[in-house]
Each structure stands twice: as structure tokens, then as C-alpha cells.
Amino acid sequence: MRFNRNLERGYGVRLCILSVVVIAFVACFLFVVSRLVGSSAGKHVAVERRMDRMDRSDQTGIEELHRKDVAATLASNPKLLAELWTDDAVRLQPGEPAEVGLTVIRENDGKQLAEHPTAKVLSYRPEIKDVQIVGDWAFEWNDFEASYRETPDGKTVSLHGKALRVLKKQSDGSWRFARAMWNLNE
């Protein structure tokens with residue numbers, strides 16, 4: 001019976017008018033948002049097309065960094081490994097404190113080689129899953145497989161892991177690692 005009294009007092013009409021106003025407002029809002037998103041999406045496509053033309057040199061530079069990464073890792077050469085990093089690089093390795101700066105990264109690579117002088121990296125195969133280029137920065141993640149021996153006649157140890165890396169374009173157009181973190185798959 002209360003519903004009927006509300007209708008008699010005009011509450012139902014006011015509620016109906018309010019509902020129509022709210023629906024009209026939401027519809028207008030959604031229309032405006034869809035127009036804005038549509039126009040920015042068109043601009044985004046145009047930017048992507050321009051970037052595709054420009055990215056060829058960036059992609060080539062990043063692929064060159066990947067080739068150098070594999071060669072330096074296989075060679076276990078501290079000088080070649082250091083050339084992969086920016087001066088302000090940060091490397092995060094499992095169970096270790098953050099390595100901040102090229103000097104620290106170079107020192108830690110040198111320590112590893114000094115502590116394991118007969119160790120030999122037998123294979124290192126990163127499989128890049130995704131690379132996003134934004135201006136002078138790139139972001140990538142990968143899976144990798146690697147194997148090594150502690151001694152020439154030692155047992156081969158195989159590793160499987162994943163990495164997330166941030167790359168920075170240098171003034172000469174080359175790319176280097178600015179940030180990297182990795183861990184092993186369980």
C-alpha cells in the first residue's frame with residue numbers, strides 16, 4: 001500500500017523523471033568519452049605508424065645489444081660484459097643485494113671470475129618475449145636457458161630462468177642495459 005501512496009503523492013513521477021535525467025546524463029558522458037577515446041586512438045595509430053618507420057634502427061640496435069650480451073656471456077669477458085651496461089645501471093640478482101652502478105657490476109663480475117677461474121659458460125640462449133620501445137627507453141622480458149661447468153671435466157649444470165630488463169638508448173644510437181633483474185624457474 002505504501003507504493004500506491006507514493007504514486008498518489010507524485011514520488012513515482014519524480015523518480016521516473018530523475019531516472020530519465022540520470023540516463024541521459026550517463027549517455028551523454030559515454031558519448032563524449034567514446035569520441036575522445038576514438039580520436040586519441042586514431043592519433044595513437046598514427047604515432048605507431050611513425051614509430052614503425054623510426055623503430056627499424058632502434059630494433060637493429062637492440063638486436064645488436066642482444067648479440068653482444070650472448071657473446072660476452074659465452075666469453076665470460078669482464079670488459080665485454082661491462083660494455084653492456086649504462087654507467088648508472090642497476091642489476092638485481094636472486095639472493096644478492098642490488099648492484100648499483102657500472103663500477104659495482106664490473107667488480108662483482110670480476111669477483112665471480114676470480115672465485116671460479118675454471119668455470120666455463122657452455123650455452124646461453126635468451127628468448128626475447130616482448131620489447132616495448134618508448135622514446136630512448138625500451139622494456140623487455142625474456143626466458144633463457146644456459147649451461148656451464150665449474151671445471152673442464154665437471155658436470156654440466158643447466159639453468160632455466162626469466163629476466164626483465166630496461167634498456168637506454170645512448171647518444172651514438174646504440175643501446176645498453178640500464179636495469180635488469182632475473183631469477184631461475186622452479
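Bear in mind that the values in this text are calculations on the coordinates, not laboratory data. Note that the structure is predicted; figures quoted are calculated from it, not measured. Because the Cβ atoms are built from the backbone with ideal geometry, glycine has one as well, and the counts that use them run over all protein chains shown.
Odds and ends about this structure:
- All-pairs alpha carbon distance profile, segment 56-184, 5 Å steps from 0, percent: 2, 10, 19, 25, 23, 13, 6, 2, 1, 0
- Charge tally around GLU99: other residues with Cβ under 12 Å, Lys/Arg +1 each, Asp/Glu -1 each, net 0.
- Debye, to nearest 20: dipole size of segment 56-184, +1 on Lys, Arg Cβ, -1 on Asp, Glu Cβ: 140 debye
- Fully extended contour minus Cα-Cα distance, from ARG67 to ASP87, at 0.36 nm per residue: 5.2 nm
- Lysines whose Cα lies under 16 Å from that of LYS168, excluding same-chain neighbours fewer than 8 positions away: LYS68
- Fully extended contour minus Cα-Cα distance, from ASN185 to VAL157, at 0.36 nm per residue: 8.7 nm
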